[in-house]
Amino acid sequence: MEKKKNISEKKTQELGKEKLGELVNALSEKNAEIEKLGKELEDLKIENVKIQEQKNAEIKKLEKELEDLKIESIKIQEHFNKGRKTLAKQAEQQIMKEKKQLMKDLLEIFDNFERALNTLDRDDKSSTKEGVKLIHNQIQQFLNQHGIKEMELKDKKFDPALCEIGKITESEKEADTILEVLRKGYYLNDEILRTAIVEVAVPKNITIKGGN
């Protein structure tokens, strides 16, 4: 009986050892699996960091490219605005140049109307004189509306920037006084459009070489 009991205990111990071994093996496998998963997780973390660093680098690159594009866009806009202003200024200057020439040509016609009007008899009441006066007034109004203003020069001091000497006459008046305006001068918006031709006074008994 004692012998059977010992056999039974021995078998129980062997079964216990076998189960323990199985558990140890299972635990070792789980530990190995955990270690493997831990390493994979660590690798994933490292890979994720690398990916994030790469993405951050790409983001910084794109931000730099965007900033460069903004700067280039501003430069292009400034260049465009400068070019547009230059073209506008050139166009304005060309228009003003053509306007000045047109007004100068028109002033020649206006001069002829004034000469024609002055040749008519003051007491003439004919329709011809009235027609000439009407056209003369219309041209004068047109010139005024477009900024043309006559220079007021008579009895003023001769100014070579405003007029040319057409005639020199001895006079009791102060030297270089403008006696008569032989051809009217005009401003265009306070800018000289056409200089006048004038008769200028010189003191009596003074010989002017080359003078009239």
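Residues checked against (1) among the acidic types (Asp, Glu); (2) farther than 30 Å from residue 195 by Cβ; (3) part of a helix (DSSP H, G or I); (4) in contact with a strand residue (DSSP E or B) (Cβ under 9 Å, 6 or more places away or on another chain):
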| residue | (1), (2), (3), (4) |
| --- | --- |
| 43 | yes, yes, yes, no |
| 46 | no, yes, yes, no |
| 53 | yes, yes, yes, no |
| 56 | no, yes, yes, no |
| 63 | yes, yes, yes, no |
| 70 | no, yes, yes, no |
| 83 | no, yes, yes, no |
| 93 | no, no, yes, no |
| 102 | no, no, yes, no |
*Pair list, Cβ < 7 Å and 6+ apart or interchain, from region 136-153 residues that are in contact (Cβ under 8 Å) with a residue 24 or more places away in the chain to residues that are outside any helix (DSSP H, G or I) and of a type in the set (S, T, N, Q)*: 147/189
*asked:* Suppose the filter is part of a loop (DSSP other than H, G, I, E, B) and aliphatic (A, V, I, L, M); does residue 153 pass it?
replied: yes
*Scan 129, 133 and give me the residue that is at pLDDT below 90, more than 45 Å from the chain's Cα centre (by Cα), surrounded by 10 or more Cβ atoms within 10 Å (Cβ to Cβ) and over 25 Å from residue 196 (Cβ atoms).*
129
*Determine, yes or no, whether residue 104 is over 30 Å from residue 144 (Cβ atoms), basic (Lys, Arg), surrounded by 10 or more Cβ atoms within 10 Å (Cβ to Cβ) and over 28 Å from the mean Cα position of the chain (by Cα).*
no
*Take the residues of region 158-191 that are of a type in the set (Lys, Arg) and touching a residue at least 60 places away in the same chain (Cβ under 8 Å): which is surrounded by the fewest Cβ atoms within 10 Å (Cβ to Cβ)?*
183
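The values are calculated or read from the model by the stated rules, or taken from the named source; none is laboratory data. Computed from a predicted structure; not experimentally measured. Note: ideal-geometry Cβ built from the backbone for every residue, glycine included; neighbour counts use all protein chains shown.
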